[in-house]
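J.: The structure under discussion is supplied below as structure tokens; questions concerning it will follow.
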Amino acid sequence: MAQGYKLGLWVFFLVLLILFFTPISFTLVNDKVSHAIAYGALFYLAAKTYKDRYSSTIIAILVFLLGSLVEILQSMTGYRSGEVYDILANTLGIGLVGALTEL
């Protein structure tokens, strides 16, 4: 079963990278809700994939750091902006998934 999660994780990750670093603007509901959903889903898939190797706390920290790095890198482009509130929304998504699931 972890193989299915692994494939899903890496496909989802690649899609997110494309969305994060292209000038395309795509949101499901609003920007902050989209961030919470995206990083919550990324954390869920990563935790399901790598739960035998790493604790969910370590995975949550790594996903948080990834989101923070993405915001920093976006602020360096001429067509995207990095926002502290996006990092907070990412963190909320990770925390909600962690609290609502037993990973």
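The values are calculated or read from the model by the stated rules, or taken from the named source; none is laboratory data. Keep in mind it's a predicted model, so treat the numbers as computed, not measured. Quick reminder, even Gly has a Cβ in these numbers, built from the backbone with ideal geometry, and neighbours come from all protein chains shown.
J.: Pick from L28, L100, L69: which is modelled with pLDDT of 95 or more and among the hydrophobic types (A, V, I, L, M, F, W, C)?
T.: It is L69.
J.: Follow-up. How many residues are of a type outside the set (D, E) and either over 20 Å from K6 (Cβ atoms) or surrounded by fewer than 18 Cβ atoms within 10 Å (Cβ to Cβ) (or both) when one looks only at the range 48-64?
T.: 9
J.: Starting from residues that are part of a helix (DSSP H, G or I) and in contact with a Phe, Trp or Tyr (Cβ under 8 Å, 6 or more places away or on another chain), keep the ones in the range 65-83 and report whichever is surrounded by the fewest Cβ atoms within 10 Å (Cβ to Cβ).
T.: Among those residues, the one meeting the criterion is L73.
J.: Something else about it: For the structure I just gave you, tell me whether S25 is surrounded by fewer than 12 Cβ atoms within 10 Å (Cβ to Cβ) and hydroxyl-bearing (S, T, Y).
T.: yes
J.: Turning to a different aspect of this structure: Could you list, in sequence order, all residues of the range 60-74 that are free of Cβ contacts under 8 Å to residues at least 40 places away in the same chain and not small (G, A, S)?
T.: Passing the criteria: I61, L62, V63, F64, L65, L66, L69, E71, I72.
J.: Any idea which of I37, I18 is surrounded by fewer than 17 Cβ atoms within 10 Å (Cβ to Cβ) and either closer than 17 Å to Y85 by Cβ or at pLDDT below 95 (or both)?
T.: Selected residue: I18, the only one of I37, I18 that is surrounded by fewer than 17 Cβ atoms within 10 Å (Cβ to Cβ) and either closer than 17 Å to Y85 by Cβ or at pLDDT below 95 (or both).
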